[in-house]
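Engineer: Have a look at this one before I ask anything.
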Amino acid sequence: MRLLLVEDDEILGDGLVAGLTMEGYAVDWLTNGRLADEALKVNSYDLIVLDWNLPDMDGISILKALRSRKNETPVMVLTARDTIPDRVMGLDSGADDFVIKPFELDEVCARLRALARRNEGRSAPTIEHRGIVLDPAAHQITWHGEKIELSQKEFEILSFLMSNIGKVVSRARLEETLYSWNSDIESNTVEVHIHYLRKKLDAGLIRTVRGVGYIIDGDDEA
């Protein structure tokens, strides 16, 4: 998933980028509130992690502006403010979750997975389809009970496609989801990963829609 992190503390931001990247997120990191607001006008994200106190434009103002544009991307607010009135203000401004500083990375990641599940309209921690069980927390895939070894990017592509079963996903959308601003992307990177997924799993699982993208068909379309 592609994630925007807005945090002006350099040490905390470095740690979050490293930890979230290891968890498989493509992280874009900004330290300025005004720049974050502008970025959200032109870029699409799956999740947003937003500090409350930021230079030029605070997190709550960014959140209100985001929701006024009818952008429903799940937002987790990071803050040292732990009073009930502060939480009420943040939730009423459109926040989906709060994490109080200091925090543990494991909790942040678990809460982000929960936000992603709710945004996808599912409650189960795993995604199951045609004998495949995908566990986002464990970064594990089994196929008819057998554990399948995937590279990080292969796992991320399969996870995104299985979260959008029955929907065509363009190569550009996959690249947006898998790579941050600073990543170098070869022109055929997605195609190569799809090729290896087909070799490791059912060759017919991922269908190419020529000129459009890729799809994992729903059971009624199999």
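The values are calculated or read from the model by the stated rules, or taken from the named source; none is laboratory data. None of these values were measured; they are calculated from a predicted model. Using ideal geometry, Cβ is built from the backbone for each residue, glycine included, and neighbour counts are taken over all protein chains shown. These area figures cover heavy atoms from the full protein model, side chains too; ligands, DNA and RNA do not enter into them. Shrake-Rupley method; radii C 1.70, N 1.55, O 1.52, S 1.80 Å.
Engineer: Check whether at least one residue in segment 17-40 is of a type in the set (Val, Ile, Thr), open to solvent by 40 Å² or more (accessible area, probe 1.4 Å) and modelled with pLDDT of 95 or more, and report yes or no.
Structural biologist: Among the residues of segment 17-40, at least one is of a type in the set (Val, Ile, Thr), open to solvent by 40 Å² or more (accessible area, probe 1.4 Å) and modelled with pLDDT of 95 or more, which makes the answer yes.
Engineer: Being part of a loop (DSSP other than H, G, I, E, B) and acidic (Asp, Glu) is true for just one of Asp8, Asp28, Asp37. Which residue is that?
Structural biologist: Values: Asp28 fails: part of a loop (DSSP other than H, G, I, E, B); Asp37 fails: part of a loop (DSSP other than H, G, I, E, B).
So the residue among Asp8, Asp28, Asp37 that is part of a loop (DSSP other than H, G, I, E, B) and acidic (Asp, Glu) is Asp8.
Engineer: Looking at Arg111, Arg118, which one is within 23 Å of Thr79 (Cα to Cα) and either small (Gly, Ala, Ser) or in contact with an Asp or Glu (Cβ under 7 Å, 6 or more places away or on another chain) (or both)?
Structural biologist: Arg111
Engineer: Evaluate the following for Leu78: is it free of Cβ contacts under 8 Å to residues at least 40 places away in the same chain and hydrophobic (A, V, I, L, M, F, W, C)?
Structural biologist: no
Engineer: Limited to segment 142-158, what total is found for residues that are more than 21 Å from Tyr45 (Cβ to Cβ) and not in a strand (DSSP E or B)?
Structural biologist: Residues flagged as more than 21 Å from Tyr45 (Cβ to Cβ) and not in a strand (DSSP E or B) within segment 142-158 amount to 6.
Engineer: Can you find, within segment 124-141, the residue that is nearest to Gly166 (Cα to Cα) among those that are open to solvent by 30 Å² or more (accessible area, probe 1.4 Å) and assigned to a strand (DSSP E or B)?
Structural biologist: Of everything passing the filter in segment 124-141, Glu128 is nearest to Gly166 (Cα to Cα).
Per-residue answers, yes or no, for (1) at pLDDT 95 or above; (2) assigned to a helix (DSSP H, G or I); (3) surrounded by 13 or more Cβ atoms within 10 Å (Cβ to Cβ):
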residue	(1), (2), (3)
Val49	yes, no, yes
Leu78	no, no, yes
Gly94	no, no, yes
Arg122	no, no, no
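Each row is one residue, and each column tells you yes or no for (1) over 30 Å from Ile165 (Cβ atoms); (2) touching a Ser or Thr at 6+ places or on another chain (Cβ under 9 Å).
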{"site": "Thr21", "(1), (2)": "no, yes"}
{"site": "Asn43", "(1), (2)": "no, no"}
{"site": "Leu63", "(1), (2)": "yes, yes"}
{"site": "Leu112", "(1), (2)": "no, no"}
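Engineer: Specify the residue that is surrounded by the most Cβ atoms within 10 Å (Cβ to Cβ); the eligible residues are those in segment 5-16 that are of a type in the set (D, E, K, R) and touching a residue at least 24 places away in the same chain (Cβ under 8 Å).
Structural biologist: Taking the candidates together, the pick is Glu7.
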